[in-house]
Amino acid sequence: MWAARTIFAAIALLAGLACFKAAAQGACLSPEETRVAVAQGGVVAPSRAVSAARDAASGGEVVRAELCRQGGGYVYRISVLRRDGRVMRVVVDGGSGKVLEGR
């Protein structure tokens with residue numbers, strides 16, 4: 001019985017940490033919300049962010065891109081499948097279109 005409680009507590013803790021991490025990173029917008037944010041100004045078009053991410057990854061194929069709220073602003077989180085088969089995660093500033101992070 002003790003082992004079951006320990007496992008349940010560990011699962012609950014991990015779920016809570018996952019929720020906390022998602023909240024800390026900020027909520028990502030739906031495609032419709034992204035279109036509205038771009039149309040209102042202050043956010044660069046997804047194509048510009050994708051281009052910057054591709055440049056940072058030295059080419060490759062974008063497999064995912066999303067606009068997310070972060071720290072009072074917006075960032076694009078973009079995953080690029082590089083030519084060497086590795087996935088690179090790139091963060092692009094939503095306001096300027098400049099790469100903030102690439103790993």
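We did not get these values from a lab; they are worked out from the coordinates using the rules stated. Here the structure is a predicted model, which means the values were calculated and not measured. Backbone-built Cβ (ideal geometry, glycine too); neighbour counts: all protein chains shown.
For region 55-103, which fully contained strands (runs of 3 or more DSSP E) count at least 2 residues that are free of Cβ contacts under 8 Å to residues at least 24 places away in the same chain?
61-70, 73-81, 87-93
In region 34-61, which residue that is more than 17 Å from LEU100 (Cα to Cα) and either polar (S, T, N, Q) or in contact with a helix residue (DSSP H, G or I) (Cβ under 8 Å, 6 or more places away or on another chain) (or both) is surrounded by the fewest Cβ atoms within 10 Å (Cβ to Cβ)? Ranking the qualifying residues of region 34-61, first place goes to GLN40.
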